[in-house]
Amino acid sequence: AAVVLGQQREHERAELLYRKVVALPRTFGGAFTNLIGEQIRNGRISALDSTAAAYRARFPDSKDLWEIDWSAAWGQGRLDRADSISRAVFAQARTARQSIRSAAGTMSLAYLHGRLDEGLRWAALRGEAEMRATPSAAARLGFSLDTAFHALKRGDVSAGRAAVHRGLARHPTDSMPPDERPWQELAELAAALGDAPVARAALASYERDLA
């Protein structure tokens with residue numbers, strides 16, 4: 001329920017629900033990383049360190065502790081620190097999740113700093129890690145969406161739209177399980193590219209899958 005609230009941009013309600021989840025006697029690590037994400041969106045930067053500390057106290061042996069450290073550094077504007085964390089994790093990744101998420105974090109920072117070619121390279125590394133873990137139509141579509149995002153960053157809207165359409169033609173979302181369809185990413189990317197038909201179709205399909 002909290003995940004859906006976040007997707008619906010009900011971030012205050014999502015944060016409140018995640019706070020309840022992390023307080024449960026039997027909670028899970030992802031609730032802490034999701035909570036810190038909502039705290040960043042809601043501007044509660046002063047709460048990030050305490051959330052990270054609570055995660056460490058509950059799950060001191062977790063292989064994913066780096067994620068909450070990265071998120072806290074990102075939210076606090078310590079971008080060099082976040083970049084160092086994700087690069088170090090990728091270099092020594094022991095799980096698919098570590099490879100995928102550390103590559104994604106490094107990609108985001110590269111794009112944020114205007115290093116477009118480096119951003120695309122990290123996007124490819126993330127995609128390759130996803131394909132190794134779960135070779136699926138959704139993962140294959142992800143390469144096309146990464147290409148479209150890169151084109152958008154370069155200011156080539158036409159190339160971005162073309163990449164989205166090629167990707168959907170090769171890997172139609174109907175071929176994917178409902179929970180793997182990247183509706184939110186597709187809708188936001190299409191909207192940024194000014195492709196209203198694709199954006200509307202993605203939002204309508206998302207609502208249909210939720211029904």
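Some points to look at:
- Only Cα pairs under 8 Å and 6+ residues apart enter the sum, and on that basis the relative contact order of the chain stands at 10 percent.
- Since only S136, L125, A204 are under comparison, the one whose Cα sits farthest along the positive direction of the charge dipole of the stretch 98-211, derived from C-beta charges on Lys, Arg, Asp and Glu, is L125.
- Euclidean distance of C-alpha centroids, the stretch 131-200 and the stretch 24-38, integer Å: 29
- Shape call, the chain: gyration tensor on alpha carbons, a/c limit 1.5: prolate
- Between R170 and K153, the modelled label-to-label distance comes to 2.0 nm, taking each label 7 Å out from Cα in the direction of the beta carbon.
- A Cβ-based charge dipole, computed about the Cα centre of the chain with Lys and Arg at +1 and Asp and Glu at -1, lands at about 240 debye.
- Leading residue at positive end of dipole, the chain (Cβ point charges), from G155, A14, A47: A47
- The fraction of accessible area contributed by carbon and sulfur in the stretch 130-205 is 55 percent, rounded to a whole number (1.4 Å probe; ligands and nucleic acids excluded).
- Each residue of the stretch 143-151 was assigned a 3J(HN,Hα) from its phi angle through the Karplus expression (A = 6.51, B = -1.76, C = 1.60, θ = phi - 60°), giving 5, 5, 5, 5, 4, 5, 5, 5, 4 Hz with x at Gly and Pro.
- Note that the stretch 47-137 presents 51 Å² accessible area per residue, ligands and nucleic acids not counted, probe 1.4 Å.
- Gain in span if fully extended, A57 to A204, counting 0.36 nm per residue against the direct Cα distance: 48.8 nm
The values are calculated or read from the model by the stated rules, or taken from the named source; none is laboratory data. All figures in this text were calculated on a predicted structure; none of them were measured in a lab. Positions of Cβ are backbone-derived with ideal geometry, glycine not excepted, and every protein chain shown enters the neighbour counts. Each accessible area value is taken on the protein alone, full model and side chains, heavy atoms only, with ligands, DNA and RNA left out. Shrake-Rupley method; radii C 1.70, N 1.55, O 1.52, S 1.80 Å.
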